[in-house]
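I have placed the structure first, in the form of structure tokens, so that the comments after it can refer back to it.
The values are calculated or read from the model by the stated rules, or taken from the named source; none is laboratory data. Remember, predicted model here, so these are calculated numbers, not experimental data. Note that each Cβ is placed from the backbone with ideal geometry, even for glycine, and that neighbours are counted across all protein chains shown.
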Amino acid sequence: MKNLDRHTIIYWVGFCVVMALLIVAPLVLPVFWAKFLTEVLIWGLLAMSSDLLIGYTGMVSFGHSAFFGLGMYGAAAALLIVHPGNVWLAILFGFAGAAGAALFVAYFSTRLRDIYFAITTLIFSQIFYVIIFTWTSVTGGENGLIFTRPHLTFAWFYDARFNLTTLHWFVLAIVAGSYLFLRRVTQSPFGKVLQSIRENEFRTRAIGYPVERYKIVSVLLSGLFAGLAGVLYAVQNEFAAPDFVYFITSGDTVIFNVMGGIGTLVGPIVGAGFFQLLRELMSRIFGDQFPYLIPLGFIFIAMIIFLPQGLLGFARRWLNR
């Protein structure tokens, strides 16, 4: 018990220290790196949502680009059609778009397992991509949708346009809240059933759990937070584009998980930051004349071979020593 309390105290102290550093960061970093850090948090939220499926339910999804993209387009629809300055309405519409896509995908794909589930989610993401890319009159097609960044409002006592710092704090608050919520979910009895499905789906079904229902809820939860990440990305960059619905976004999300550490929630955020930083550094070193993704690919392969548990797993082993 004492050991458990000690670990809990260390965990919360570390969490508070990291939060404090992230709160101060936009006040001391140059503009580019402050915006870069905000974007890393958004990609980290997308990766964390995927980890609920990959790490805890044992279902590799290549459909998160659809949830992410529909979150973006839901936010764009709210800001262009309903109310141009309400960020909460944008979040609501983004949730609705992602939830609808997640329920549709979950209903069909959760009947399958392993590689068949992964392929089905990939196919559905491409279907959504083709619809968005070709429905020009509604989605803007290849050009996407451009809008003005909404205001940050709280009831009647605060209403101001986002700036670099307040947007970072807003994103940080949502990502931290999402992490704490998903952490509670994974530690709950529901989360234990998801882990049981990951370890042995047939035995979980044999002892009486409705496995398909748990899978559907897992995909829905994962899709909701992926859509929330899409809303935040759209608000930061003031546009929604079909490129983010393409399956490459899903592939990047899986890479974030593998790099950071699957089944940890924090690991995917670390992996997203590490991947984005590597990509930025490689592009600066090699420029546009050389395909900088090639050395990035070699680094990823090396990490899979020598750090199979990801950066967070390596850090844990090193600390345990």
Candidates Leu232, Leu281, filtered to the one that is of a type outside the set (S, T, N, Q) and under 30 Å from Leu80 (Cβ atoms): Leu232
Number of the exception - Thr249 against (1) surrounded by 21 or more Cβ atoms within 10 Å (Cβ to Cβ); (2) more than 28 Å from Val171 (Cβ to Cβ): (2)
Condition met for Val211 (in contact with a helix residue (DSSP H, G or I) (Cβ under 7 Å, 6 or more places away or on another chain) and closer than 30 Å to Ala34 by Cα): no
Helices (runs of 4 or more DSSP H) completely within the range 1-85 that count 3 or more residues being surrounded by fewer than 19 Cβ atoms within 10 Å (Cβ to Cβ) and within 22 Å of the chain's Cα centre (by Cα): 2-28, 31-54
Residue match in the range 168-176 (condition: in a helix (DSSP H, G or I), touching a Leu at 6+ places or on another chain (Cβ under 6 Å), modelled with pLDDT of 90 or more and under 26 Å from Arg205 (Cβ atoms)): no
Residue ID - nearest to the chain's Cα centre (by Cα), chosen from residues in the range 199-240 that are of a type in the set (D, E, K, R) and more than 17 Å from Met72 (Cβ to Cβ): Lys215
All helices (runs of 4 or more DSSP H) inside the range 183-275 with 3 or more residues being small (Gly, Ala, Ser): 211-237, 247-260
Where a residue in the range 4-25 is closer than 12 Å to Ala176 by Cα and its partner, wherever it lies, is surrounded by 10 or more Cβ atoms within 10 Å (Cβ to Cβ), with Cβ under 7 Å and at least six apart: Met19/Ala176; Leu22/Leu172; Ile23/Trp169; Ile23/Leu172
Pairs where the first residue, in the range 122-139, is at pLDDT below 90 and the second is among the hydrophobic types (A, V, I, L, M, F, W, C), C-beta under 9 Å, 6+ apart: Val138/Ala77; Val138/Ile132; Thr139/Ala76; Thr139/Ile131; Thr139/Ile132; Thr139/Phe133; Thr139/Leu145; Thr139/Ala240
Of residues in the range 278-296 being over 22 Å from Phe256 (Cβ atoms) and either loosely packed, with under 12 Cβ neighbours inside 10 Å or among the small types (Gly, Ala, Ser) (or both), the one modelled with the lowest pLDDT: Gln289
Residue list for the range 195-211, restricted to those being of a type in the set (Gly, Ala, Ser) and within 21 Å of Arg184 (Cα to Cα): Ser196
Residue count for the range 92-118, restricted to those that are among the hydroxyl-bearing types (Ser, Thr, Tyr), assigned to a helix (DSSP H, G or I) and surrounded by 15 or more Cβ atoms within 10 Å (Cβ to Cβ): 1
